[in-house]
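The values are calculated or read from the model by the stated rules, or taken from the named source; none is laboratory data. As the structure is a computational prediction, the values presented were derived from the model and not from experiment. Neighbour counts are summed over all protein chains in view; Cβ atoms, including those assigned to glycine, are modelled from backbone coordinates with ideal geometry. Side chains are part of the model used for accessible areas, which takes the heavy atoms of the whole protein and leaves out ligands, DNA and RNA. Shrake-Rupley method; radii C 1.70, N 1.55, O 1.52, S 1.80 Å.
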2 protein chains.
Amino acid sequence: MIFLDTKFIVQFEEYQQLINNELGNLIKKKHKTPIYNAMGYSLLAGGKRIRPILLLSACVSCGGNIKSALAFACSLEMIHTYSLIHDDLPAMDNDDYRRGMLTNHKVFGEAISILAGDGLLNLAYELMIEHCINNNNLNDIEAFKNIATASGVNGMIGGQVMDILSENKTIDRDSLIYIHKNKTGALISAALTAGALLANANNEIVGKYKEAGDLLGFAFQIKDDLLDVTGTREALGKDANSDISNNKSTYVSLLGIDKANEDYIAYSNKAISIFEELNSPFLKQLALNLIRREN
Amino acid sequence: MIFLDTKFIVQFEEYQQLINNELGNLIKKKHKTPIYNAMGYSLLAGGKRIRPILLLSACVSCGGNIKSALAFACSLEMIHTYSLIHDDLPAMDNDDYRRGMLTNHKVFGEAISILAGDGLLNLAYELMIEHCINNNNLNDIEAFKNIATASGVNGMIGGQVMDILSENKTIDRDSLIYIHKNKTGALISAALTAGALLANANNEIVGKYKEAGDLLGFAFQIKDDLLDVTGTREALGKDANSDISNNKSTYVSLLGIDKANEDYIAYSNKAISIFEELNSPFLKQLALNLIRREN
């Protein structure tokens with residue numbers, strides 16, 4: 001990340017630490033069993049925690065209690081991590097490195113790696129339902145539903161399926177937009193929507209967070225395509241040019257670097273203007289940082 | 001199945017039809033997309049629907065409304081089916097046949113098959129949370145929690161992990177019992193517990209359904225081990241002796257056929273006596289049928 005503002009850095013790192021501590025508590029206490037070991041390996045591998053931070057900061061921005069949003073934030077990171085573990089499998093992207101470390105199946109073998117992914121997805125739902133029982137608030141269940149829908153076949157998994165079926169073909173712009181909006185965008189948008197819901201924000205405000213989330217999520221995936229071409233393995237922590245070697249159509253391969261950059265900045269700026277309107281300086285800074293990120 | 005009683009047969013087939021219709025509605029209306037096609041292939045492949053029928057009949061037995069339990073029943077079958085799709089993968093049991101048909105990855109390829117499993121697991125949670133939003137009843141959320149816990153790393157996935165790690169080794173009786181109680185037993189027990197909860201049964205009654213479910217689930221897996229040795233591919237719809245060819249310790253390999261039979265009948269009979277006490281003639285008949293099943 002490239003930080004612009006000291007107050008933002010402090011806040012970002014506070015969120016990160018809160019999430020890392022909680023994820024550690026949830027996984028490490030049972031770390032001695034092989035499946036917790038495999039789940040913890042990827043979950044505690046130093047991800048940036050963008051999705052849970054989006055959720056926590058949206059909740060705080062709407063006047064919500066950060067502690068009551070922590071279970072959902074961790075669940076979101078578990079869902080993100082499970083998707084990476086399954087994406088990296090030999091049958092999918094067949095990646096050897098992720099976040100500068102060997103991928104899960106390279107360390108634990110494919111069978112345990114598939115189950116570690118399944119386990120993280122399931123644990124995310126266990127955590128959220130436990131929270132719903134303890135809180136008994138209909139808005140929490142709505143937040144749960146948003147995350148579940150964004151993660152499923154009409155969200156992240158749907159995007160991933162279309163992505164795989166598009167390998168070794170040239171796809172049209174509509175298909176690419178479907179992939180980008182769903183594969184990455186859906187969960188980023190759900191992070192902001194769920195954060196606002198957990199703070200019991202009204203429908204209009206929740207709608208604005210969702211709108212900003214859709215824009216930011218789409219921009220985020222265009223940036224991923226750009227980084228795959230312009231980044232290095234050192235900065236990315238994984239192989240660069242993997243889209244090219246997997247014959248994948250990307251925003252860059254379809255529309256060129258210049259148009260990808262232009263659209264990326266346009267979508268990000270629209271999201272930023274909504275965060276300004278919502279008086280969320282932290283989210284504005286976070287979006288600015290995402291624009292400038294190198295990995 | 002071997003049926004003993006006409007009234008039971010009619011009721012069993014009514015439940016089966018209700019579940020099959022609902023699963024068909026949930027999947028077929030979106031059947032044109034490749035992922036729904038892959039999910040539907042395994043979900044609508046003619047399973048016996050034991051788990052959802054246990055849930056529906058426990059709910060009815062406790063005076064609950066069958067329609068309000070249908071979403072959870074279908075979710076349970078989706079979770080069961082996802083676990084079969086992932087179990088059959090080359091990295092796991094590497095099975096070519098299931099229910100007399102080619103396994104999911106043999107038809108759709110490994111990548112789509114992993115995602116079809118992920119999609120079914122996620123869809124199960126989407127359905128249950130949708131139901132919870134519409135009903136707004138804390139007992140439904142408790143039922144959800146029971147199913148989620150039973151499906152996770154401290155339930156079905158935990159049993160599956162231990163099962164895989166035990167391949168090509170002789171394990172002790174405690175490890176085998178852990179595998180059996182979790183890999184299959186947890187979801188069967190959760191079916192009965194969730195059914196009672198959805199009917200708003202009191203804690204004592206819910207506890208009895210859970211106890212019967214634990215016994216029945218354990219017995220069910222011992223029977224699976226027995227059928228793997230004594231069954232035929234024709235009756236099973238999958239290869240017999242797969243445990244032997246995968247070098248897996250089973251109740252039979254560890255304790256012998258006679259002891260396996262004896263324990264199987266003892267656990268089943270304990271479950272049956274609880275169903276008698278609960279005045280659930282359908283569940284008693286179902287347990288008797290499970291004792292005599294050939295596949």
Mind checking which residues of segment B:85-109 are more than 14 Å from every other protein chain (Cβ to nearest Cβ) and of a type in the set (A, V, I, L, M, F, W, C)? B:M101, B:L102, B:V107
Determine whether A:G46 is assigned to a loop (DSSP other than H, G, I, E, B) and on the phi > 0 side of the Ramachandran plot. yes
Of the residues A:D263, A:D258, which is assigned to a helix (DSSP H, G or I) and open to solvent by 80 Å² or more (accessible area, probe 1.4 Å)? A:D258
For segment A:199-226, the count of residues that are of a type in the set (D, E, K, R) and without any contact (Cβ under 8 Å) to a residue 24 or more places away in the chain equals 2
Taking only pairs six or more apart or across chains, which ones have beta-carbon atoms under 6 Å, a first residue in segment A:161-180 that is without any contact (Cβ under 8 Å) to a residue 60 or more places away in the chain, and a second residue that is surrounded by 22 or more Cβ atoms within 10 Å (Cβ to Cβ) and among the acidic types (D, E)? A:I179/A:D163
Here is a list of conditions, (1) buried (at least 24 other Cβ atoms within 10 Å of the Cβ); (2) modelled with pLDDT under 95, and B:N168 meets all of them except one; can you say which number that is? (1)
Residue tally, condition closer than 16 Å to B:K48 by Cα and within 14 Å of chain A (Cβ to nearest Cβ), over segment B:65-84: 9
Tally, over segment A:13-54, of residues that are among the hydroxyl-bearing types (S, T, Y), over 21 Å from B:V161 (Cα atoms) and either within 14 Å of another protein chain (Cβ to nearest Cβ) or in contact (Cβ under 8 Å) with a residue 60 or more places away in the chain (or both): 0
Against the conditions (1) open to solvent by less than 60 Å² (accessible area, probe 1.4 Å); (2) polar (S, T, N, Q); (3) at pLDDT 95 or above, where does B:T33 fall short? Just the number, please. (3)
Subset of segment B:171-182 that is more than 19 Å from B:T81 (Cα to Cα) and either open to solvent by less than 70 Å² (accessible area, probe 1.4 Å) or at the interface with another protein chain (Cβ under 9 Å from one of its Cβ atoms) (or both) - its residue that is farthest from the chain's Cα centre (by Cα): B:I171
Can you tell me which of A:D224, A:D239 is part of a helix (DSSP H, G or I) and either modelled with pLDDT under 95 or open to solvent by less than 10 Å² (accessible area, probe 1.4 Å) (or both)? A:D224
Based on what the data block shows, is B:L192 of a type outside the set (D, E, K, R) and either within 14 Å of another protein chain (Cβ to nearest Cβ) or farther than 15 Å from B:C62 by Cα (or both)? no
When you look at B:I147, is it within 13 Å of chain A (Cβ to nearest Cβ) and out of contact with any strand residue (DSSP E or B) (no Cβ under 8 Å at 6 or more places or on another chain), yes or no? yes
Being surrounded by fewer than 23 Cβ atoms within 10 Å (Cβ to Cβ) and at pLDDT below 95, is that true of even one residue in segment B:183-206? no
Does B:Y41 qualify as being open to solvent by less than 10 Å² (accessible area, probe 1.4 Å) and within 15 Å of A:V153 (Cβ to Cβ)? no
